[in-house]
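These notes concern the structure reproduced below.
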Amino acid sequence: MRSAANTHRALKQDEAKEKREVNSELLEDVLTSDNLAQAWKRVKANKGAPGIDGVTIEDFPDHARAHWPAVRQQIKEGRYQPQAVRRVEIPKADGGKRLLGIPTVMDRVIQQAIAQVLTPIFDPTFSESSFGFRPGRNAHQAIRQVQRHVPELDEWIRRRMRMCYWKRWRWPRTKIKNLLALGVSLKSAIQHGCSSNSYWQMSRTPVINQAVSNAWLKEQGLLSVKDLWCKAQGYTAKKGKTSSSEPTC
């Protein structure tokens, strides 16, 4: 029992040591001159207002020469504390205000330097459906992906509803009766009503799709996910060619 406990403790210690070594290596990568120079280049290109310390993009090189050695040492020792963000209010079109927090230029450079090291490690593990704050991805790409998947979801729901109706009808006689009432020929109604195929298989057949049509499902109260999504996004359904400036669904 004691041997097992000692082994477990030793494994934990090795794991903690390995974690410290990895963290140390990552921190060294963050603080390399090349990485910091690239981070400063990105922050400078983005411009932006000064943070709470009042240091502007133009003032930062002189500020960094005076303060960076101390800041670097604090980061290495785990003592560095980012400064508070400067709160600003941006007027909105509806009359309201949007609150923004502006970090200092120093903190923006440090954040960018960290992102440059961590992003190549973790970004490949993210979902293909994740678009927020990722390099080379934006909201327009997210919308285009949703546009591809919403019709698929809509069709899956319709097929699922057809399967539910087919399962609910249960007995061959009931199935044949309902198929006839929905305009299916007697021969097809008997063939499908007496079929031993699974509910899910039957929901995909042309005859079931003809009988339990999209229009019929709509009459029963089924809403279209695609139509709801287009309406929520302010999109309009159009046939034929459309201008690129007008969103369509």
Checklist outcome for this item: Here the longest stretch of the chain that holds no trypsin sites (Lys or Arg not before Pro) in a DSSP loop having at most 13 other beta carbon atoms within 10 Å is 93-169
Next on the checklist: Using Cα-Cα distances under 8 Å and only pairs 6 or more residues apart, what relative contact order does the stretch 130-204 have, in percent?
Outcome noted: 29
Item to check | With at most 12 other Cβ atoms within 10 Å, longest stretch of the chain clear of loop GluC sites (Glu not before Pro) (DSSP) | outcome: 129-249
Checklist outcome for this item: Counting only residues 5 or more apart in sequence or on a different chain, those whose built amide H sits under 5 Å from that of Ile52 are Arg86, Thr104
Checklist outcome for this item: With the 8 Å Cα cutoff and a minimum separation of six or more residues, the stretch 42-189 has a relative contact order in percent of 17
Checklist entry - Normalised by the residues of the chain, what does the relative contact order come to in percent, with Cα pairs under 8 Å and at least six apart? => result 13
Next on the checklist: What FRET efficiency comes out for Leu186 versus Trp216 if R0 is 22 angstrom and r is the Cβ-Cβ distance? Round to the nearest 0.05.
Outcome noted: 0.70
Item to check | Accessible surface of the chain, 1.4 Å probe, proportion on carbon and sulfur as whole % | outcome: 54
Next on the checklist: Through the Karplus equation 6.51 cos²θ - 1.76 cosθ + 1.60, θ set to phi - 60°, convert the phi angles of the stretch 101-112 into ³J(HN,Hα) values in whole Hz; use x for Gly and Pro.
Outcome noted: x, 9, x, 5, 4, 4, 5, 5, 5, 5, 4, 5
Checklist entry - From a point 7 Å beyond the Cα of Lys167 in the direction of its Cβ, which residues of the stretch 189-221 have a backbone N at a distance under 17 Å? => result 196-205
Checklist entry - Quick one: if you stick a label point 7 Å off each Cα along the C-beta vector at Thr56 and Leu228, how many nm between them? => result 5.2
Item to check | 17 Å reach of a label modelled at Ser198, 7 Å along Cα-to-Cβ, counting backbone N of the stretch 151-171 | outcome: 156-157, 159-168
Checklist outcome for this item: FRET efficiency (Ala93, Ala49; Cβ distance; R0 22 Å; to 0.05) is 0.55
Checklist outcome for this item: Calculating Cα extents along the principal axes in Å from this structure picks out, from (1) 123, 25, 25; (2) 64, 42, 39; (3) 90, 69, 30, entry (3)
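For the chain, what is the accessible area per residue in Å² when the probe is 1.4 Å?
Averaged over the residues of the chain, the accessible area is 72 Å².
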Checklist entry - Taking the alpha-carbon centroid of each part, what is the distance from the stretch 186-217 to the stretch 97-113 in angstrom? => result 60
Checklist entry - To the nearest 500 deg cm²/dmol, what mean residue ellipticity at 222 nm is calculated for the chain from DSSP H runs of n ≥ 4 alone, each contributing -39,500 (n - 2.57), summed and divided by the residues? => result -19500 deg cm²/dmol
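The values are calculated or read from the model by the stated rules, or taken from the named source; none is laboratory data. As the structure is a computational prediction, the values presented were derived from the model and not from experiment. Neighbour counts are summed over all protein chains in view; Cβ atoms, including those assigned to glycine, are modelled from backbone coordinates with ideal geometry. Note: areas computed on protein heavy atoms with side chains; ligands, DNA, RNA excluded. Shrake-Rupley method; radii C 1.70, N 1.55, O 1.52, S 1.80 Å.
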